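S.K.: Sharing a structure below in structure tokens format, with a few things to ask.
No value in this document is a laboratory result; all are computed from the given coordinates. Bear in mind that the values here come from a model prediction, so they are computed numbers and not experimental data. Ideal geometry is used to build each Cβ from the backbone, glycine not excepted, and the neighbour counts take in all protein chains shown.
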Amino acid sequence: MIVLFYRLGLSDHSTGMLFQKLPTSRLLSFSRRWRPPRSAKRLARPRLFTQNSQLLLVSGISPRPRLPFLHPASGKISPPSASRNPFQNQLSRLITTERKLYFKDQLWKAAKYSVYGWTGLLLLNMMAFGLQHEVLERRFPSPAEWTWTSRVIYRIANKEEHSDSNGTGLTDWTSAGCSYGELLKRLEDPALDGRDLQPVLQEEEDSHVAGFGRVGLDTSSKSEPWRRGYYACLVGAAKASENRDGWVCDITRNTVFPPEVVIGPSNPRPKPVPYGAASAPLEENCVAAFEPAETYYMKILTTHGFTTGQRLDAALAYADWLDFKGLSSTAEEMYDWGLDIAMGALPVGVNNVIDIKSGVVDQRATYISSNVLRATTSLAFHHARNNNLAAALPIYLSVLRARRRLPALSSQDETGSNLREGSSLAQVLSFLRSMIVTSPYPPAPPTGNEIPLRTPAAICEEAGVMAHIGEILFASSSESPSAKASSYTLGGSLISSTSAAAQLKSQKSGLSWTRDAVDLAEATLISADQDDEETRDKCSECLAVGMENWSKMVAKLLKDGRQDKAEMQPKASGSWHWGKSPAFEDEGKWERESHAVDERLKSVRRLLSREADRKESKGGYLFI
């Protein structure tokens, strides 16, 4: 205070007078410490940077915001965020108002693009599914009367059955059998695709046959495409059952296994399951995976509405299956049943076509249908497979005679076939039109009750019959003379083998038949049209079988000639006769024949290889 008075220009005397005039209370007040003046308004709390509070324009002066990561809390004053855990502090530091809006926008975009992506992927899968089934529909047409699900199952079953469709070369008969079984249930269900179907036998207890299951149905009320599709389903199920004969299904896992891996008393030494497959099942948990094949074949034979050709195909397939199982006598009865089916469909008044006891086609018959030729040829093959050559050869010879007497293909039929094929431009326009318009169901095939024409395909079948005749003649030469004491006629020529001395003659005759069959098949294959797949397939198969038989026959004759030469050489050296024996001459002949066969075999292999490449290149675009 004194210093203050001095600065104000007051003297000591004046200062003393001043202190004397002031009251004591006023003097004591000057002795207190000076403090800053208290504001009437309390200072505002610091606004945290991580909080989005409302900022008022009319307010007191606010200090600078206190950032938690730059201004740690002191011991005396704790910020509001001190009560939260460290994770909340870190989260509140990272998620700001701007970042919160950014995260919301990114989440919305992610959800939107996810919906777009999954929707597009679903649509692409639907497009691929539709394109694949459109290709399968063109290859395996399904009846339009069926429901959509039944048609899809039918296409899938056919795709699994044909090995060239899945690209692996192996047919998945298990999946095919399951698909055909499911399809049969839908076709025979009155609530789905089996409306208006009636049982053949009205009594329920008569509709089951012991050992064969349920008999067929009356499908006369259905359309021809429906019946044809139903027949194809039954045949496919029968084939799957044949290829999975004896397989079992583990009911605990619903998995199909071969019988040799089942663990149980009936299989004391089970084989190991393949690597990566499920563990071996127990016998007590297994049931038959598929119904027997005869169930489906008998259902075809007892169903009303199928054509003669369809029923004959089923009878021959069932007989072939019985032959495979070793039931030759039962198979012969089924072949006889096939003959009855073929004969029963001939026009009224046609008699004496086949000798029922021997199966030989009568040479005086004037009406020989395709079914008759197929039934008799299959019966002859059955006899040959069971070494009954004496019964097989007359049937083959009668069939060959009947085929050579078939009416030739007229020029009008050839012109009609060429017109149906059309030019390249017509084929392209037809393909483009088929991409837009649904193609109709294929027309019904022939029933087989008509007289066939001598088409190129029929000529290939004729070559096949000739190859079988040559094989039988060559094989019969090794039998005993008593077994060969029989004679056969073909168009007035006599083929006789009554003694062991005629063995070489019979072998040469069989070789000649085989050589002629190879020449006929090769010439027909070369001259066949590029679009005639039936003729090319039959001729290729006949040519391959004929060349194989021809090479084996020549090899056997060459071996026999060398053995005869070795046996006769000591006798010839001790004899005073000069000259070559027939054994030496035959050896040279068969050596020249062997070289000719080798050269011919090379050319045939090149021809068959080109044919296989042509077929593969032509059918490759059908698969996805």
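S.K.: Count the net charge of all other residues whose Cβ sits under 12 Å from the Cβ of A384, scoring Lys and Arg as +1 and Asp and Glu as -1.
M.R.: Working: positive: R385; negative: D323, E471.
My count for the surroundings of A384 gives -1.
S.K.: Run the simple label-point estimate for L453 and V437 please: 7 Å along Cα→C-beta, distance reported in nm.
M.R.: Inter-label distance under the simple model: 2.6 nm.
S.K.: To continue, here is another question. What residues have an amide H closer than 5 Å to that of T255, excluding those fewer than 5 places away on the same chain, when H is modeled at 1.01 Å from N in the peptide plane?
M.R.: Placed amide hydrogens put D250 under 5 Å from T255.
S.K.: So, one more: Separation between the D172 and E188 pseudo-spin-labels, each 7 Å from Cα along Cα→Cβ, expressed in nm?
M.R.: 2.5 nm
S.K.: While we're here: May I ask for the net charge around D193, where only other residues with Cβ less than 11 Å from the Cβ of D193 are counted and Lys, Arg are +1 while Asp, Glu are -1? Don't skip to the end; give the middle numbers.
M.R.: On the way: positive: R151, K185, R186, R195, K222; negative: E145, E188, D189, D196.
The answer is +1.
S.K.: Holding the Cα-Cα limit at 29 Å, pick out from K508/K615; K559/K602; K159/K538 the pairs that are longer than that. Before the final figure, lay out each step's value.
M.R.: Numbers: K508/K615 36 Å; K559/K602 22 Å; K159/K538 24 Å.
Too far apart for the 29 Å limit: K508/K615.
S.K.: Then there is this: Given the Cα-Cα distance of D531 and T97 and 0.36 nm per residue of separation, how much length would full extension add, in nm? Let's see the in-between values first.
M.R.: Numbers: separation 434, 0.36 × 434 = 156.24 nm, distance 7.54 nm.
Result: 148.7 nm gained on full extension.
S.K.: Tell me, what is the FRET efficiency for K552 and S220 to the nearest 0.05, using R0 = 41 angstrom and their Cβ-Cβ distance as r? Don't jump to the answer; show the numbers that get you there.
M.R.: Values: r = 51 Å, r/R0 = 1.24.
According to the calculation, E is roughly 0.20.
S.K.: Going down the list K505/K565; K185/K325; K325/K505, which pairs span over 26 Å between their C-alpha atoms?
M.R.: Numbers: K505/K565 18 Å; K185/K325 28 Å; K325/K505 36 Å.
With Cα atoms farther than 26 Å apart: K185/K325; K325/K505.
S.K.: Only residues of the stretch 524-541 count here: report those whose backbone N is under 18 Å from the spot 7 Å along Cα→Cβ of R610, or say none.
M.R.: Residues passing the 18 Å test: 524-533, 535-541.
S.K.: With each label point set 7 Å from Cα along the Cα-Cβ vector, what nm distance links Q106 and A566?
M.R.: 9.0 nm
S.K.: Over the Cα atoms of the stretch 283-326, what is the Rg over Rh ratio if Rh follows Kirkwood? Could you put the intermediate results ahead of the total?
M.R.: Working: Rg = 13.5 Å, Rh = 11.9 Å.
Result for the stretch 283-326 is an Rg/Rh of 1.13.
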